[in-house]
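The values are calculated or read from the model by the stated rules, or taken from the named source; none is laboratory data. All values derive from a computational prediction rather than experimental measurement. Note that each Cβ is placed from the backbone with ideal geometry, even for glycine, and that neighbours are counted across all protein chains shown. Ligands, DNA and RNA are stripped out before the accessible areas are found, and what is left, the full protein with its side chains, is counted by its heavy atoms. Shrake-Rupley method; radii C 1.70, N 1.55, O 1.52, S 1.80 Å.
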Amino acid sequence: MQAMLAARDLACRRGERLLFRGLSLSLSRGEACHVAGPNGIGKTSLIRILAGLLRPFHGSVESRASIALLDERHALDPQVPLERALAFWSELDGSGASLMAAHRERLGLAELADVPVRYLSTGQRKRAALARLLGQRAPVWLLDEPLNGLDTAGTELVETLIAEHRAAGGTCVVASHQPIKLVEATRLKITDFAA
Amino acid sequence: MIGRLLLRDLALLMPGGRRGGALLPLLFFLAVAMLYPFAVGPDAPLLARTGGGVIWVAALLAAILPLDRLVAPDLDEGVFDQLAVRGVAEELAIAVRMLAHWLSFAPLLLLAALPAAALLGLERETLRTVLLGLLAGTPGLAAIGVLIAALTASLRSGAALSGLLLIPLSVPILIFGAGALARPDGGGLAFAAAISLLLVAVTPFAAGAAVRAAREE
């Protein structure tokens with residue numbers, strides 16, 4: 001089967017430091033990869049390289065499908081009510097308002113539609129960013145620390161969402177230092193590729 | 001898609017907008033025009049002769065105020081990253097931002113130039129030259145503003161630095177735009193418009209590159 005996301009012989013340099021090298025990765029439909037490792041080892045850098053936001057020091061990334069990115073920065077305007085902040089992205093992604101309302105409901109944000117984003121808690125913001133991710137309907141998910149700030153129920157919800165996404169033929173790269181339940185996922189320890 | 005980007009930018013930048021404070025430059029502009037007669041005294045011919053230049057300087061200073069709201073918040077919030085993942089080029093996002101920035105200050109500035117001209121006792125002919133000059137020069141000011149905002153967005157003291165950077169870069173527009181007041185043959189205005197055009201054409205690429213470079217840090 002053809003890989004939806006493939007990275008070949010990646011190396012990443014930040015400043016004068018080589019974080020990792022010789023890292024290759026290939027994910028087909030329904031597959032997932034858990035990128036693990038301690039802080040500062042280059043998980044976020046790897047995600048950003050896969051998303052095409054950071055140039056790798058060496059190697060190449062190929063993606064055959066559109067990419068959705070979830071990271072620590074939620075890209076939701078702080079002064080704008082949650083519903084409008086999410087509507088900007090869902091309109092850009094061409095998914096309807098009713099679909100976004102359903103995603104908000106699913107993520108437990110139904111009551112918060114009129115609340116400006118800056119009044120939301122860390123966990124609620126993370127849930128809002130997940131709603132944006134779902135609305136994008138991209139086959140490749142790149143999640144950087146998706147569990148940060150979430151409670152137990154939120155953690156389980158993320159695990160369910162990932163499972164559903166994979167069942168629908170999507171693929172997913174999760175970078176997390178926390179344990180996350182992913183069925184039959186490859187586990188990539190960046191420490192193995194440390195320079 | 002361009003329409004959606006523009007709507008969001010306008011909602012953030014326009015007076016009464018979400019990012020707030022857009023009326024401040026305007027009030028600042030009027031305040032300078034009001035203070036100047038107090039400072040030089042009630043000498044009507046002197047005011048009428050120098051008033052046009054004062055309006056230009058006030059407009060330039062007013063253009064500095066909103067710079068820190070133009071690019072930095074979106075860079076911090078990861079909006080440019082999310083746009084890039086969706087295949088929206090930084091250049092396009094910046095071009096739209098430039099248009100929104102111009103719309104948020106220039107039309108109101110032109111309107112505010114009328115009461116300012118009355119405060120300074122400008123002649124009708126001078127006012128006409130000032131307005132045409134501002135119309136030709138403000139797109140350039142907007143372009144410089146966005147460019148500097150993008151270049152300094154990832155710096156710690158970016159806001160203070162951007163004001164300092166804007167002043168020398170806007171000197172050409174000021175020389176030709178305000179120079180048209182002394183020699184009303186239209187040549188100055190044409191030069192100011194030409195500089196504006198050049199800046200508007202270059203800024204999306206330069207500022208787009210700056211936004212991409214900020215990611216590497």
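Quick rundown of the values:
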read-out: Residue that is nearest to B:Leu75 (Cα to Cα) [pool: residues in segment A:57-77 that are within 12 Å of chain B (Cβ to nearest Cβ), touching a residue at least 12 places away in the same chain (Cβ under 8 Å) and open to solvent by 40 Å² or more (accessible area, probe 1.4 Å)]; value: A:Glu72
read-out: Pick from segment B:77-102, criterion facing chain A (nearest Cβ under 7 Å) and either assigned to a loop (DSSP other than H, G, I, E, B) or of a type in the set (D, E, K, R) (or both), ranking: farthest from the chain's Cα centre (by Cα); value: B:Arg86
read-out: Unmet requirement for B:Phe29, which otherwise passes all of (1) more than 14 Å from chain A (Cβ to nearest Cβ); (2) assigned to a helix (DSSP H, G or I); (3) open to solvent by 40 Å² or more (accessible area, probe 1.4 Å); value: (3)
read-out: Any chance A:Gln136 is more than 14 Å from every other protein chain (Cβ to nearest Cβ), in contact with a helix residue (DSSP H, G or I) (Cβ under 9 Å, 6 or more places away or on another chain) and polar (S, T, N, Q); value: no
read-out: So A:Gly108, is it outside any helix (DSSP H, G or I) and not assigned by TED's automatic domain parsing to the domain that holds A:Ile47; value: yes
read-out: Matching residues in segment A:32-56 - criterion: being open to solvent by 20 Å² or more (accessible area, probe 1.4 Å), within 11 Å of chain B (Cβ to nearest Cβ) and assigned to a loop (DSSP other than H, G, I, E, B); value: A:Gly52, A:Arg55
read-out: Some residue of segment B:165-177 being outside any helix (DSSP H, G or I) and over 14 Å from the mean Cα position of the chain (by Cα); value: no
read-out: Failed condition for B:Arg69, given (1) at pLDDT 90 or above; (2) under 24 Å from B:Ser170 (Cβ atoms); (3) among the basic types (Lys, Arg); value: (1)
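Residue-by-condition table, conditions (1) surrounded by 13 or more Cβ atoms within 10 Å (Cβ to Cβ); (2) in contact (Cβ under 8 Å) with a residue 40 or more places away in the chain; (3) hydrophobic (A, V, I, L, M, F, W, C):
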{"residue": "B:Gly145", "(1), (2), (3)": "yes, yes, no"}
{"residue": "B:Ile148", "(1), (2), (3)": "yes, yes, yes"}
{"residue": "B:Leu151", "(1), (2), (3)": "yes, yes, yes"}
{"residue": "B:Arg156", "(1), (2), (3)": "no, no, no"}
